[in-house]
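Below: one structure, written as structure tokens.
The values are calculated or read from the model by the stated rules, or taken from the named source; none is laboratory data. This one's a predicted model, so the numbers in the text were calculated from it and none came from an experiment. Methodologically, a virtual Cβ is constructed for each residue, glycine included, from the backbone with ideal geometry; neighbour enumeration extends over all protein chains shown.
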Amino acid sequence: MQDFVKKLVGLMTKEDLELQNNSSNTALCLAAAAGNVEMVKILVEKNRALLTIPGSQQMMPLYMAALFGQHATVEYLYNESKGLRDDGWNPQNRGWLLQTSVGAELFPFERGSNSGSSKKANEAMQLLRIIWKNIASKPKKEIDDIIRGPPDAVKKDDRRLQEKLAIAATSLATTSKKSPLKLLSVSSPFNQSLTV
């Protein structure tokens, strides 16, 4: 499989590798999420710019690898990402990476060990310090936004249903003399406040 990917990537231009699918993901984003380190290496060797092209919901390839707990891929991508200082990285997506990495236990913290994992723990602590320094300098509201992560996108179908519910609530309100918002809060399957 690796030879096939290498040959295929060899036939492509750098620009070809930057193409994004309908979800805005590059081939690197998908390989990172899948944890295919060899494919990730082949893609990065051909086009380093892929490291800074965000995919779906503005998620960086390194973040996607962390999100899916792909330890080896995270390590490789982090080492190639210039300490998260190259283009594409900002305090918000560094915060998402920190939160996800800690949640996925991607930082091995072994105390009192002089093994290779101790070296990894030191590198992880350096990463945490860089990320936290950037986050801690932000106003409280920005820190809260970083910790919450990206908002869930409202699908078009959900919007249409919400619009239909709002119209129905308005219609019911005019006949029953109740507030449309009270009707919606009772009848809405989303348990959301909807404005009419």
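Note down all Cβ pairs under 6 Å where the first residue falls in the stretch 5-19 and is over 16 Å from L51 (Cα atoms) and touching a residue at least 60 places away in the same chain (Cβ under 8 Å), the second is surrounded by 11 or more Cβ atoms within 10 Å (Cβ to Cβ) and charged (D, E, K, R), and they're at least six residues apart or on different chains.
Hits for this filter: zero, empty list.
Which of the residues spanning the stretch 1-27 are surrounded by 12 or more Cβ atoms within 10 Å (Cβ to Cβ), assigned to a helix (DSSP H, G or I) and either modelled with pLDDT of 95 or more or small (G, A, S) (or both)?
Within the stretch 1-27, just A27 meets the criteria.
Being surrounded by 17 or more Cβ atoms within 10 Å (Cβ to Cβ), modelled with pLDDT under 75 and either more than 20 Å from the chain's Cα centre (by Cα) or not in a helix (DSSP H, G or I) (or both) is the requirement here; does K120 meet it? Even if it seems obvious, please write down each step before you answer.
Numbers: surrounded by 17 or more Cβ atoms within 10 Å (Cβ to Cβ): yes; modelled with pLDDT under 75: yes; either more than 20 Å from the chain's Cα centre (by Cα) or not in a helix (DSSP H, G or I) (or both): yes.
Spelling it out, K120 is indeed surrounded by 17 or more Cβ atoms within 10 Å (Cβ to Cβ), modelled with pLDDT under 75 and either more than 20 Å from the chain's Cα centre (by Cα) or not in a helix (DSSP H, G or I) (or both).
Starting from residues that are assigned to a helix (DSSP H, G or I) and free of Cβ contacts under 8 Å to residues at least 40 places away in the same chain, keep the ones in the stretch 85-104 and report whichever is nearest to I130 (Cα to Cα).
From the stretch 85-104, those assigned to a helix (DSSP H, G or I) are 91-103; that's our starting set.
Cutting the leftovers down to free of Cβ contacts under 8 Å to residues at least 40 places away in the same chain gives us 93, 97-98, 100-103.
On the way: N93: 13, L97: 12, L98: 10, T100: 15, S101: 14, V102: 14, G103: 18 Å.
If we take residues in the stretch 85-104 being assigned to a helix (DSSP H, G or I) and free of Cβ contacts under 8 Å to residues at least 40 places away in the same chain, then L98 is nearest to I130 (Cα to Cα).
For the stretch 51-72, enumerate the residues that are buried (at least 22 other Cβ atoms within 10 Å of the Cβ), hydrophobic (A, V, I, L, M, F, W, C) and within 13 Å of W89 (Cα to Cα).
L51, M59, M60, L62
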